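Single-structure report; data block below.
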Amino acid sequence: MSTRTQPLPLDGITVVAVEQAVAAPFATRQLADLGARVVKIERPDGGDFARGYDTAAAGLASHFVWCNRGKESVAVDLKDPRGIALVRRLIADADVFVQNLAQGAAARLGLGAAALCAEHPRLIAVDISGYGAEGPYAHKRAYDMLVQCEAGLVSVTGTAEQPVKAGIPAADIAAGMYAFSGVLAALVRRGTTGRGGPVEVSLLDSLAEWMGHPLHHGMHGGAAPARTGLAHAVIAPYDAYPTADGSLVLLSVQNDREWRRLAEQVLGRPELADDPDFATNTARVARRADTDAAVAAALAPLTAAEALARLEAAGIACARLNSVADLADHPQLVARDRWRAVDSAVGPLRAMLPPIVFPDGPEPAMGPIPALGQHTETVLAGLGVDAEERTALRKAGVIA
């Protein structure tokens, strides 16, 4: 007998999103997965520009596939007053409005959060910006890599010789997740007070928060952590080590008890457990090259599987350095049945279940990836726009 008796948490919530790229679409996709109806407003001439980033996902753009499942695409020209009027009618019946246009653009269109919330007291209106609404950077272009640099993430990522950006859009993801959690918090508050209100999230603020460890390390008397590649700046051994089959195995020793087990059971050098040059983490960091050399010498004759088995048996945290292809077939994800098929214009596409699990409810919605303007007719018809008017708007290029 099924125990899944609860509905999806956001069932009955309607979201209207004037969004593009990653940050806002990633936030609203979380809402869609949890049951919200998300109406995505796109330009008639190409839509969300993330649709054109690549064609890697069976002809669709991988960013768009990742961030836009389960949404209804409505193509409306926001430069035309008739288009703005349609969007405002949609917002009037919505619970949440999300936008990440260039700073000030939403307000110029009459879609500023403060004005909308004053007109619709129960509305939650989310503004996602690069650097916030005020200050000298307010109108500066804010692409993910640029914000990674401004937030200092690049300064602590990479090797001693070469700083590098993160391999994922970390600033966009951070802002998207804070926008998502901001909406959830605002919905809880509305349930208590009956009122929505504006929510503001910036990419810089979001990623600066994620920089908490190096920031506090540097602000309060220490130096900013050095770039150390895969190694840890203040822990040793904590790095990747080559194995006989050409793989890399990572391990982390978090305390001196673990170092003793590593020395005795993996390195085969029990004397290092009490050697003052290695017995404490401070000593091992000071002699990082020698520490790493001892670990590397022990793992080099082993295959990755043998090294991982030996480390696991000794209770040492370890991992294999996987590729993206390895992740797609990761045995833990397969064993936990974390993959699903999502419909799209090019057929079913493989997608991972979202991380939030509600064991007593249905699975996340994970609806189809919309084609541009796929839902314009049905959404506007539901809004009360009759067929004659829709035809006229389409001929005028206001909708598509």
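The values are calculated or read from the model by the stated rules, or taken from the named source; none is laboratory data. The structure displayed is predicted, hence computed values, not measured ones. So basically every Cβ, Gly included, is an ideal-geometry build from the backbone, and we count neighbours across all protein chains shown. Side chains are part of the model used for accessible areas, which takes the heavy atoms of the whole protein and leaves out ligands, DNA and RNA. Shrake-Rupley method; radii C 1.70, N 1.55, O 1.52, S 1.80 Å.
Remarks
- Among the residues making up region 18-32, those that are open to solvent by 10 Å² or more (accessible area, probe 1.4 Å), touching a residue at least 60 places away in the same chain (Cβ under 8 Å) and assigned to a helix (DSSP H, G or I) are 26, 30.
- Region 351-400: number of residues that are assigned to a strand (DSSP E or B) and touching a residue at least 40 places away in the same chain (Cβ under 8 Å): 2
- Scanning region 291-345 for residues that are farther than 19 Å from residue 254 by Cβ, outside any loop (DSSP other than H, G, I, E, B) and open to solvent by less than 50 Å² (accessible area, probe 1.4 Å) turns up 296, 304, 328, 333, 342.
- Residue that is nearest to the chain's Cα centre (by Cα) [pool: residues in region 291-309 that are small (Gly, Ala, Ser) and closer than 14 Å to residue 231 by Cα]: 296
- If the condition is being charged (D, E, K, R) and either closer than 20 Å to residue 14 by Cβ or modelled with pLDDT under 95 (or both), then region 82-107 contributes 88, 89, 93, 95.
- Yes/no for residue 111 being touching a residue at least 40 places away in the same chain (Cβ under 8 Å), touching a helix residue (DSSP H, G or I) at 6+ places or on another chain (Cβ under 8 Å), of a type in the set (A, V, I, L, M, F, W, C) and part of a helix (DSSP H, G or I): no
- Of all residues in region 203-245, those that are outside any loop (DSSP other than H, G, I, E, B) and either open to solvent by 60 Å² or more (accessible area, probe 1.4 Å) or closer than 22 Å to residue 277 by Cα (or both) total 13.
- The one condition in (1) touching a helix residue (DSSP H, G or I) at 6+ places or on another chain (Cβ under 9 Å); (2) open to solvent by 10 Å² or more (accessible area, probe 1.4 Å); (3) in contact (Cβ under 8 Å) with a residue 60 or more places away in the chain that residue 43 fails to fulfil: (3)
- Hits in region 346-380 - residues which are of a type in the set (Gly, Ala, Ser) and exposed (fewer than 14 other Cβ atoms within 10 Å of the Cβ): 347
- Any chance residue 134 is without any contact (Cβ under 8 Å) to a residue 24 or more places away in the chain and either crowded, with 17+ Cβ neighbours inside 10 Å or outside any helix (DSSP H, G or I) (or both): yes
- Test: residue 90 is free of Cβ contacts under 8 Å to residues at least 40 places away in the same chain and either on the phi < 0 side of the Ramachandran plot or in a loop (DSSP other than H, G, I, E, B) (or both): no
- Here residue 191 passes the criteria (1) under 30 Å from residue 218 (Cβ atoms); (2) free of Cβ contacts under 8 Å to residues at least 60 places away in the same chain; (3) surrounded by fewer than 23 Cβ atoms within 10 Å (Cβ to Cβ) except the one numbered (1).
- Leading residue by the ranking (least open to solvent (accessible area, probe 1.4 Å)) among those in region 246-290 that are over 20 Å from residue 229 (Cα atoms), outside any helix (DSSP H, G or I) and touching a residue at least 24 places away in the same chain (Cβ under 8 Å): 267
- Restricting attention to region 137-155, the residues being in a loop (DSSP other than H, G, I, E, B) and either farther than 15 Å from residue 174 by Cβ or of a type in the set (Val, Ile, Thr) (or both) number 5.
- Checked against the criteria, residue 197 does not count as modelled with pLDDT of 95 or more, open to solvent by 20 Å² or more (accessible area, probe 1.4 Å) and more than 21 Å from residue 356 (Cα to Cα).
- The number of residues in region 77-108 being touching a helix residue (DSSP H, G or I) at 6+ places or on another chain (Cβ under 8 Å), surrounded by fewer than 19 Cβ atoms within 10 Å (Cβ to Cβ) and of a type in the set (Val, Ile, Thr) comes to 0.
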